[in-house]
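All remarks here apply to the structure that follows.
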Amino acid sequence: MRDAVKRVQDGDTEALHFLYVRYVDEMRRYVASIVHDQHEAEDIAQEVFAKLMTRIGKYEAREAPFGAWIMRVARNAALDYMRARRVLPIEEIRVTEQSRPEVDLGRTHDLRRAFEELPNDQREVLVLRHVVGLSPVEIASALEKTESSIHGLHHRGRRTLRAKLVEMGDAPVVATGSP
């Protein structure tokens, strides 16, 4: 792998093809888990590899394995895509049978607005934890933060989101310890 990376750094397009074949499927699946759109994930993966010839000079083997580095580049491209389109992966909110559609639309709107008002780092942790399904350890690795900082961001993000929903009059129902 190191030889292929070095050859790409030297301008070898055949080595780039080798890296493409090795990583594109894994990258596409990872990006799709973030953007929730297979076609956009394919486009983003293609863009990452198209830009790889100019960006691979920044890669240093001693900092991280190439696979981790290229996935970080893909993650950043996916997050840039979401930020540019202000896509929030909270499109679906499960509706209980007793709820009324007009109330659900209001809740969806309030949740989206409250989510958009979160600080970027808290929103990113909440998305990676509750939508993508990553563990705190995986999130820490992906964001290059400590696990304890991820726990703090997660806790503050949930608390802030709940407070914003309370302000909007649409706070979630929380079970209490006694009946």
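A few notes on this one:
- For the residues 170, 80, 110, 104, the requirement of being modelled with pLDDT of 80 or more and either closer than 24 Å to residue 32 by Cα or over 18 Å from the mean Cα position of the chain (by Cα) (or both) singles out 80.
- Failed item, numbered, when residue 31 is tested on (1) exposed (fewer than 13 other Cβ atoms within 10 Å of the Cβ); (2) assigned to a helix (DSSP H, G or I): (1)
- Candidate set from the stretch 113-130 (those that are modelled with pLDDT under 85, of a type outside the set (Lys, Arg) and surrounded by fewer than 19 Cβ atoms within 10 Å (Cβ to Cβ)); member that is nearest to residue 35 (Cα to Cα): 130
- In the stretch 131-149, the residue that is modelled with the highest pLDDT out of those that are among the small types (Gly, Ala, Ser) and farther than 15 Å from residue 121 by Cα is 135.
- Within the stretch 35-67, being surrounded by 15 or more Cβ atoms within 10 Å (Cβ to Cβ), without any contact (Cβ under 8 Å) to a residue 40 or more places away in the chain and within 15 Å of residue 15 (Cα to Cα) holds for one residue alone: 49.
- Subset of the stretch 104-132 [assigned to a loop (DSSP other than H, G, I, E, B) and free of Cβ contacts under 8 Å to residues at least 24 places away in the same chain]: none
- Per-region count, the stretch 26-70, residues modelled with pLDDT under 90 and β-branched (Val, Ile, Thr): 5
The values are calculated or read from the model by the stated rules, or taken from the named source; none is laboratory data. None of the values given here were measured: they were computed from a predicted structure. Positions of Cβ are backbone-derived with ideal geometry, glycine not excepted, and every protein chain shown enters the neighbour counts.
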